[in-house]
Each structure stands twice: as C-alpha cells, then as structure tokens.
1. Got a sec? Which of Glu60, Glu6 is surrounded by 14 or more Cβ atoms within 10 Å (Cβ to Cβ), acidic (Asp, Glu) and out of contact with any His (no Cβ under 7 Å at 6 or more places or on another chain)?
2. Which residues, counting only those in region 47-100, are more than 17 Å from Ile24 (Cβ to Cβ), among the small types (Gly, Ala, Ser) and part of a helix (DSSP H, G or I)?
3. When the residues of region 112-129 are filtered to those that are touching a residue at least 24 places away in the same chain (Cβ under 8 Å) and in a helix (DSSP H, G or I), which remaining residue is surrounded by the most Cβ atoms within 10 Å (Cβ to Cβ)?
4. Considering Ile86, Ile93, Ile70, which residue is in contact (Cβ under 8 Å) with a residue 40 or more places away in the chain and under 30 Å from Phe4 (Cβ atoms)?
5. Starting from region 144-165, take each residue that is hydroxyl-bearing (Ser, Thr, Tyr) and list its partners that are assigned to a helix (DSSP H, G or I), counting only C-beta distances under 8 angstrom and pairs at least six apart or across chains.
6. Which of the residues that make up region 166-179 are hydrophobic (A, V, I, L, M, F, W, C) and surrounded by fewer than 18 Cβ atoms within 10 Å (Cβ to Cβ)?
7. I'd like the full set of residues that are β-branched (Val, Ile, Thr), in contact with a helix residue (DSSP H, G or I) (Cβ under 8 Å, 6 or more places away or on another chain) and more than 19 Å from Pro44 (Cβ to Cβ), limited to region 87-120.
8. On the given criteria, is Ile53 closer than 22 Å to Gly193 by Cβ, of a type outside the set (Ser, Thr, Tyr), touching a residue at least 12 places away in the same chain (Cβ under 8 Å) and surrounded by 14 or more Cβ atoms within 10 Å (Cβ to Cβ)?
Amino acid sequence: MAKFLEWSIFAAHFSVYVVAAINIWIFSHRSHFYKTTVKLRSLPLVYSGFASIAIGASYEIAEHIGDNWIYVSRLSGLNQLFYSFISGGICLIALGLRRSRITDMILLASLVLVPITYGVQGGKEIMQLAQLPPAIIFVIHWYWVMRDWRVFLYPLLANVIATGFGIALIASGNQIFHLFVGPSSALGLLILGYVAWTKPNKVRDNHLPIQQSQNILR
C-alpha cells in the first residue's frame, strides 16, 4: 500500500479519538446545564461511553498495524475487543442520558451479549443483531434529551453511510473506501456533540422557565 494512503487511513481512524475528546469536553463545559436543567442521569457514564469508543478505535488501529492497514473481514481477538468497546460505549452513553427500566435492561444485556456472541457460528451476524437494539435506544435517548432533528443524522452517517462504505470495501477490496468508514461514524458523533453544545442556547433563547424546560426534555 502507498505510504500516503496508509497515513490517510491512519488519520481517518484517529479522527474517532478527536471527536470523542471533543464530545467529552462539550459535556464537561456544559455540565452545569446538563446537571441542573436537563438533569441527565449520569455525566460520568456519558464520559465513560465516549472514552470506551476511543478505546475501541485503539484496538482497531492495533490490528491494522499488524496487517499494514489493509482491511480484511475476519475474526480475531482485537476485532472482538473493537466491537465490544464500541458497542459498550454506545450503551454507556445511552444509560447516562436517560433512565428507563426497560431500556436499562436491554442495554445492560447488550453489554454482555455483544462480546459473547462475537464469532458464534463462525461469523459476526448474531453479534450484529445484538448491537441493533442498543443502537436504536441510543438515538431515541439522544432525541428525548435534546429534542433536535439533527440527532437522526447520526444513524444516517454512522450506520447507513459507514456500512455502505464498509460493504463497498469488502466487495471491491479497494482500500480507498477504508478512508471513509471511520470518519462517517466520527462525523455522526460530532453532530451529536454539536447538538449537545447548542442545546443550552436554544433553551435560553426560548426564554423557558427552568421547570418548563425540564418537562419538555423528559
């Protein structure tokens, strides 16, 4: 692989670290608003979720160091850790945003199911099914808290478009598609961070009393 393409793919993967750090900073900087007005369930869970996503990206980078950044769809211990930490991060953020007995049970079950179903029957299909409910809950919780339509750009970018690039990569073997898988998901997360950053301004501009704001955000 050409060095330029190799370094470009590395930069694409590194974008996940940058976006995770930005989102942690946003929630930290706006922590008073999210603790007192929105009353998120747990900011530490949100921070831990974004950190988990960054750790997941580390395992993917570690595997690519061994295969010279040429993507091959296969089962491996590092790949299992990648999926486990990415899915775990999604679950932790969803848990931190909103409390719900039913969704809590589903999210906690997914934290266990994703790692243990990886590689079952020699593939990732069962694991991917286990990832689907928390992915849906993740978006629903973001919308319930933020009440912003731009939240739905996340599944478009992180699930539909990123998966499309992944399928194209596997089908063609052309590593140029590898450049767009990670950044598509990272851009989706960055949009969620932007929504979280602008939420306090929207509440302030609407001049809503704090109690009324809380009722709307529930």
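1. Matching residue, one of Glu60, Glu6: Glu6.
2. Ala62, Gly66, Gly77, Ser84, Ser87
3. Val114
4. Answer to the check: Ile70.
5. Partner pairs satisfying both residue conditions: Tyr154/Val139; Tyr154/Trp142; Tyr154/Gly188; Tyr154/Leu189; Tyr154/Ile191; Tyr154/Leu192.
6. Of everything in region 166-179, those that are hydrophobic (A, V, I, L, M, F, W, C) and surrounded by fewer than 18 Cβ atoms within 10 Å (Cβ to Cβ) turn out to be Ile167, Ala168, Ile170, Ala171, Ile176, Leu179.
7. Those that are β-branched (Val, Ile, Thr), in contact with a helix residue (DSSP H, G or I) (Cβ under 8 Å, 6 or more places away or on another chain) and more than 19 Å from Pro44 (Cβ to Cβ): Ile106, Val114, Thr117, Val120.
8. Taking the combined requirement at face value, the residue satisfies it.
The values are calculated or read from the model by the stated rules, or taken from the named source; none is laboratory data. This one's a predicted model, so the numbers in the text were calculated from it and none came from an experiment. Every residue, glycine among them, receives a Cβ derived from its backbone with ideal geometry; neighbour counts consider all protein chains shown.
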